[in-house]
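Read-outs throughout are calculated quantities, based only on the coordinates presented, and are distinct from any laboratory measurement. Given the structure is predicted, the values throughout are model-derived calculations rather than measurements. Methodologically, a virtual Cβ is constructed for each residue, glycine included, from the backbone with ideal geometry; neighbour enumeration extends over all protein chains shown.
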Ligand code: DX5
Ligand code: ZN
């Protein structure tokens with residue numbers, strides 16, 4: 001299991017310190033939630049903040065775009081230093097083209113789906129994406145309650161990916177993840193877990209990371225997880 005802590009729940013007034021504490025704790029990924037007040041009812045940050053953090057950190061910048069028509073900003077996020085861009089299938093009419101553009105810009109291409117969205121599209125898109133993000137809350141805010149329907153969806157996604165000859169595509173789960181559901185999520189097929197409120201505010205981070213990792217130990221890493229791990233960290 002790869003843990004990708006969500007920056008939204010960090011101390012926003014002291015991000016440099018937070019990033020360095022994460023690295024010292026052995027965290028390798030950072031989840032950055034970009035919200036535009038249109039696709040979701042909340043506004044966060046964009047390329048300027050990511051660009052300011054990039055030289056301060058070697059973490060893998062896993063950028064989750066909760067914005068309408070994300071194709072307009074791919075280059076800006078690349079220049080800011082994103083390693084992966086995840087766009088929502090609900091936010092883009094030409095998502096296949098967008099995924100190809102993200103890859104062409106040298107980033108990993110992720111595709112996210114809201115809890116109410118069907119994943120039948122995997123039949124047609126499975127080989128165009130580097131990661132699938134299944135939302136386990138309605139996107140927009142940290143600290144919401146986890147939707148247990150995700151377990152069935154994870155199983156269904158694993159089957160569809162296999163059928164599409166893309167069984168090694170890593171799956172990320174985002175929303176309400178906490179040590180209590182980590183074991184079941186990894187067993188059901190999740191490789192990367194995002195955690196905001198259940199991670200930050202529980203220092204020291206090294207101990208908190210160990211709590212999440214121990215909960216996942218019951219499930220041996222899949223090849224998909226090894227692939228995602230091999231994407232590594234950025235040379236800042
Ligand atoms: C929700 C965001 C999540 C959120 C996770 O729209 O995409 O990444 O910050 O926060 P928790 O873990 O508190 O649900
Ligand atoms: Zn997110």
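Semi-axes of the equivalent ellipsoid for the chain, please: Cα gyration tensor eigenvalues, times 5, square-rooted, ordered largest first, whole Å.
So the three semi-axes of the chain are 23, 22, 17 Å.
Evaluate the range 69-168: find the radius of gyration of its Cα atoms, find its Kirkwood radius, and give the ratio Rg to Rh.
0.97
Anyone know which of 147, 59, 12 comes out most mobile in the 10 Å Cα GNM of the chain?
Evaluated over the chain, the most mobile residue of the options is 12.
Which order, highest average first, do 177-186, 1-10 follow once you tally other Cβ atoms within 10 Å for each residue and take the mean per peptide?
1-10, 177-186
Only counting other Cβ atoms within 10 Å, I'd like 88, 202 sorted with the fewest neighbours first.
Starting with the residue having the fewest Cβ neighbours, the order is 202, 88.
For the chain, calculate the relative contact order in percent as a whole number, restricting contacts to Cα pairs under 8 Å that are 6 or more residues apart.
Contact order relative to length: 22 percent.
Which of the peptides 159-165, 222-228 is most tightly packed, and how do the rest follow, going by the mean number of other Cβ atoms within 10 Å of each residue?
My ranking of the peptides, most packed first, is 222-228, 159-165.
So what is log10(I(q)/I(0)) for the range 1-50 at q = 0.12, 0.18, 0.24, 0.31 1/Å, when the Debye sum runs over its Cα atoms only?
-0.30, -0.63, -0.97, -1.26
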